[in-house]
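Below: the structure, in C-alpha cells.
Bear in mind these aren't lab numbers, they're just calculated from the coordinates by the rules spelled out. Model, not experiment: these values are computed from the prediction. Don't worry about glycine lacking a Cβ; one is built from the backbone with ideal geometry, like all the others, and counts go over all protein chains shown.
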Amino acid sequence: MTPAILIAQAKVLAEQYLPDSCAIQELSTTNDGSGGFGESWNTIETVPGLVEAVDDMEAIVGSAPRGAVTQKLYLRVTTVTQAIKPSQRVAVAPRDGKGELIFTQLKRLDESFEALITVAGVLDVSNPEESNS
C-alpha cells in the first residue's frame, strides 16, 4: 500500500475520535463609516477536533471568572490547520453541556502533518462573553 493511501485511511479513522467542531478564525477589521473600525472574527475553516479535558477550576473575582488555562487541541490536518498562526483563534462549538470555548495564542506543537495536528491554545476564562463554561 502506498503512503498516500495509508495517510488517507488514517484521516478517516481519526475522525471518529474527533467529536468537537473547531472553527479556525481570523480577525478582520472594517471601516465603520464614522472614522473608526469594527473588529470581527471570520471563520476560515471548520474542522473536526478534540479538546483535552478543560480545567474548570478558575478563580471567581467580582462574580466573573478570572484566569487562563493552556490546553491541547487535536485537529484534523488541512491546509489551514497546517499553517495555523498565533494571531488566529479556535472556537470550539458547545458540546456535552459546556458553552463555546475560545482558544487564543495558538502554537503548533508537532511537525507531523499526516492525520492530526497538535496545537496548544490559551482558554481565556476572564471574559464571560467569550467563554461560557
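Model label sites at Ser21 and Ala53, defined 7 Å from Cα along the beta-carbon direction, differ in position by 2.6 nm.
Here the gap between Arg95 and Val122, fully extended at 0.36 nm per residue and compared with their Cα-Cα distance, gives a gain of 7.8 nm.
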